[in-house]
1. Can you give the calculated 222 nm mean residue ellipticity of the chain, where each DSSP H run of n ≥ 4 adds -39,500 (n - 2.57) and the sum is split over every residue, rounded to the nearest 500 deg cm²/dmol?
2. With θ set to phi - 60° and the Karplus curve 6.51 cos²θ - 1.76 cosθ + 1.60, what are the ³J(HN,Hα) couplings of segment 389-396 in order, to the nearest whole Hz, using x for Gly and Pro?
3. Enumerate the amide H contacts of SER29 below 5 Å, restricted to partners 5 or more residues apart or on another chain; note that Pro and chain-start residues carry no placed amide H.
4. Under 11 Å from the Cβ of PRO149, count the other residues' Cβ atoms, weight Lys and Arg +1, Asp and Glu -1, and hand me the total.
5. What accessible area per residue comes out for segment 86-205, rounded to a whole number of Å², with a 1.4 Å probe?
6. Taking Cα centroids, how far is segment 93-140 from segment 250-282 in Å?
7. Per residue of segment 257-269, in order, report the coupling 6.51 cos²θ - 1.76 cosθ + 1.60 (Karplus, θ = phi - 60°) as ³J(HN,Hα) in whole Hz, putting x for Gly and Pro.
8. Pop out the carbon and sulfur fraction of the accessible area of the chain as a percent, whole number, probe 1.4 Å.
Amino acid sequence: MAARRLGIEPHPTIAMNNLITLLPNSRPSVPDNPAIPFVEGDGVGPEVTAAMRAVTDKAVQTAYSGRRRIEWKEVLAGGKAFERTGEWLPEETTEAFRTHLVGIKGPLMTPVGGGIRSLNVALRQGLDLYVCQRPVRWFKGVVSPVKRPQDVDIIVFRENTEDIYAGIEWEAGTPEATKVLHFLQDEMGVKKVRFPSTSSIGIKPVSREGTERLVRAAARYAVDTGRKRLTLVHKGNIMKFTEGGFKRWGYELLEREFAKEMKDGRLIADDCIADAFLQNALLKPEAYSVVATLNLNGDYISDMLAAQVGGIGISPGGNINYTTGHAIFEATHGTAPDIAGQDKANPCSLILSACMMLEHIGWAEAARSIETAITRCLSQGKATADLARFMPGGTTLTTSDFTAEIISHLN
Ligand code: ATP
């Protein structure tokens, strides 16, 4: 009303759709009832998505006494999309994530045939979600293969758009691979391809810009959360221009944009060769807090760390573009077709991804209460079969009962 009196009309689209928008300081501006698109997912997707929504809704309602509420908006991708529309990833879905900025998705099956190799990758590329963020921590009660899983508390920032994972490769013996080989040999003087006629060829692009935006996001996170230590993980000793470039450009960015934070001790930056990191992370995980690394290293590192805390099936993840504000949070496991529809799936990966989403939009109280509720259940040995069977005296619950148990611990 006050705005009207001043002659300022509210933005009609924003007012009607409850959109999350991006503020000039790159933080999301969130209404009390934001519309959030979700993809149910394939296989166990419907079960874990239902659990995630129930837990998230209750946590938000409790944390904010009913003042805040998520307006869930289903969008289609994967098998359900193909059945209904003939497309694996309809344009409206990408468009909905683009318009609403923040969304969440269950696991998706890999399309059979067609031009899309992976729906997850297609979504990440479509929205240029350049950070894959994977927090790894131990939950009391979860059986782990190491002696002190509680020492692992690491947030991995994995670059999501470049590296040998960019999808630029040609199969051995194809005219394309032969053409690239001829170019390398005839025009670039390359003599190091050991078996040229039977080699497939892949390309590893790593750019200064790609490195800078990833390292900037990780450094900002380390400062904002008070974690302080940021480690750049790379194989720059061998791949001098790509991974070595990542290290050099990373340090240069930090010296340029975070000099003050480094001087006053709010940011402590170092680097580590990837193979040494894998050893150290097992032997002295407490030495690491925020890790920034390239795409392939990040893939190995996040899963190894998750296994270390016994959490490979419950690890959450988020894909984020900190410049545009687009973010899609997701279950990190697959569709688990062997247990789909049996009320057995562990919903923790997607529920904890929802916690990341709540934190991302500034609803940290709701996120904390879910984490506390999950910790209580797991520390009492109450879990789905995948975890309970390894817990001494563990109680196996169905997905629905485990979800109800988490909800009963929300306060
Ligand atoms: P996809 O082809 O979608 O990757 P997959 O079966 O190859 O499926 P995952 O879905 O990750 O790969 O499953 C690997 C194993 O882990 C399976 O035995 C599956 O039942 C189990 N699993 C995966 N997710 C969960 C979950 N949320 N709860 C319980 N078990 C799970």
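1. Working: 16 runs with 166 residues, N = 411.
Computed ellipticity for the chain at 222 nm equals -12000 deg cm²/dmol.
2. 5, 9, 8, x, x, x, 10, 7
3. THR21, LEU22, LEU23
4. Working: positive: ARG137, LYS140, LYS147, ARG148; negative: ASP151, ASP153.
In short, +2.
5. Details: 6470 Å² over 120 residues.
For segment 86-205, the per-residue accessible area is 54 Å².
6. Between the Cα centre of segment 93-140 and that of segment 250-282, the gap is 28 Å.
7. Karplus-based 3J(HN,Hα) across segment 257-269 equals 9, 10, 4, 5, 5, 6, 5, 8, x, 7, 9, 10, 10 Hz.
8. On the way: 10530 of 19410 Å².
Ligands and nucleic acids excluded, carbon and sulfur give 54 percent.
The values are calculated or read from the model by the stated rules, or taken from the named source; none is laboratory data. Please read all numbers here as calculations on a predicted model, not as lab measurements. Methodologically, a virtual Cβ is constructed for each residue, glycine included, from the backbone with ideal geometry; neighbour enumeration extends over all protein chains shown. Areas reflect the complete protein model, heavy atoms only, side chains present, ligands, DNA and RNA absent. Shrake-Rupley method; radii C 1.70, N 1.55, O 1.52, S 1.80 Å.
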